[in-house]
1. If I ask for residues that are in contact with a Lys or Arg (Cβ under 9 Å, 6 or more places away or on another chain) and assigned to a loop (DSSP other than H, G, I, E, B), which ones from the range 80-91 would you list?
2. All but one of (1) within 30 Å of GLY29 (Cα to Cα); (2) part of a helix (DSSP H, G or I); (3) open to solvent by less than 30 Å² (accessible area, probe 1.4 Å); (4) modelled with pLDDT of 85 or more hold for PRO77; which doesn't?
3. Do we find that ALA258 is of a type outside the set (S, T, N, Q) and without any contact (Cβ under 8 Å) to a residue 40 or more places away in the chain in this structure?
4. Regarding the range 253-267, can at least one residue be identified that is open to solvent by less than 30 Å² (accessible area, probe 1.4 Å), in contact with a Ser or Thr (Cβ under 6 Å, 6 or more places away or on another chain) and over 25 Å from ALA227 (Cβ atoms)?
5. Please go through the range 263-274 and give me each residue that is part of a helix (DSSP H, G or I) and either among the aromatic types (Phe, Trp, Tyr) or within 21 Å of CYS289 (Cα to Cα) (or both), ordered by number.
6. Pairs only if they're at least six apart or on different chains, beta carbon under 8 angstrom, first in the range 126-145 and closer than 16 Å to SER235 by Cβ and in the same structural domain as VAL195 (by the TED database), second at pLDDT 85 or above and of a type in the set (S, T, N, Q); list them, first residue then second.
7. Look through ILE156, ILE134 and report the one residue that is aliphatic (A, V, I, L, M), surrounded by 15 or more Cβ atoms within 10 Å (Cβ to Cβ) and under 17 Å from the mean Cα position of the chain (by Cα).
8. Scanning for something assigned to a helix (DSSP H, G or I), open to solvent by less than 70 Å² (accessible area, probe 1.4 Å) and under 22 Å from ARG263 (Cβ atoms), does the range 141-149 turn up at least one residue?
Amino acid sequence: MKTLIAVLTVLSVIIAFWYAACLPMNIKGVLTEAERAGAEVTPAGAKERRDLGEFGLVMDNSFAIPATWAQDRPRLPAPHQVAQELWKTTGAMVLKGKMMSKRSLFYHGWVTLSATLLGFGIGTGLGILLAVGIVHSRVMDMSVMPWAIVSQTIPIIALAPMIIVVLYSIGVQGILPKAIISAYLSFFPVVVGMVKGLRSPDGMQLDLLRTYNASTNQGFWKLRLPASMPYLFASLKIGIAASLVGAIVGELPTGAVAGLGARLLGGSYYGQTVQIWSALFAAAILAACLVALLGLIERSVLKRMGMGA
């Protein structure tokens, strides 16, 4: 109960600050629209402008305050506007039987999710293989690991168009380029976490295996791999979120017409900030669901291995 109260309190504070931030962000547009409509806008005096800035306009024209939370194209949408847009493109579509309509966020979310899961699968598989090689081969540890680290210093927003152009030139289109970008972002956390996990057994445990004359393969399957599971799942949670970001970024340079990235792109083209924010919240909700699903799988797997509560 205390946890619920704490969460609701923090959420209430965030929403209150959000509504307050809409005033200075949107007031100029509201007053401009009022002037064009012929309304009389009274500016603040010189002293008030020095002390209050744009808030002086709000004080002298209190009619404008509610309007900052109801603009069609605000600089900063109010929380209820984003919530209404989310409902209109999700729940309302379900009630109308148009869940996979091109106006539905379920449709765009599925397009992005498909690339995310494919890229996550590729990145996870590659990361685990590299981690196993790094742990068992000093040559790979000295050669591959530094390059894996360096690869993450390249901004994905600069690399994504290059990947798409190169793949397009050899006839690779569709979901695969986005999946490769997702894999690029997701493999590194898996490599780092898996290497740490495989190296987590202490010296006494390794000595015990040598005492039993266990082979390298037996040591891997009986000790190193089970010990790495908590580290692996922690890395997978980071990797799935990064993979989703990669899929969205991969949709931007292509001028895609479907996917959450396409919703962001379309909103920026036409100044539909409410659409942009609803797509951002949809992406955050999707990422939270994926991480929660991995959490459930983690608890189930670790419990069966005798490592969970």
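The values are calculated or read from the model by the stated rules, or taken from the named source; none is laboratory data. Quick caveat: nothing in here was measured; it's all calculated off a predicted structure. Methodologically, a virtual Cβ is constructed for each residue, glycine included, from the backbone with ideal geometry; neighbour enumeration extends over all protein chains shown. Surface accessibility is based on the protein's heavy atoms, side chains included, excluding ligands, DNA and RNA. Shrake-Rupley method; radii C 1.70, N 1.55, O 1.52, S 1.80 Å.
1. none
2. So PRO77 meets the others, but not (2).
3. Considered against the rule, which asks whether it is of a type outside the set (S, T, N, Q) and without any contact (Cβ under 8 Å) to a residue 40 or more places away in the chain, ALA258 comes out as no.
4. Among the residues of the range 253-267, at least one is open to solvent by less than 30 Å² (accessible area, probe 1.4 Å), in contact with a Ser or Thr (Cβ under 6 Å, 6 or more places away or on another chain) and over 25 Å from ALA227 (Cβ atoms), which makes the answer yes.
5. ARG263, LEU264, TYR269
6. GLY127/SER186; GLY127/SER235
7. Within the list ILE156, ILE134, the selection yields ILE156.
8. The answer is no; no qualifying residue exists.
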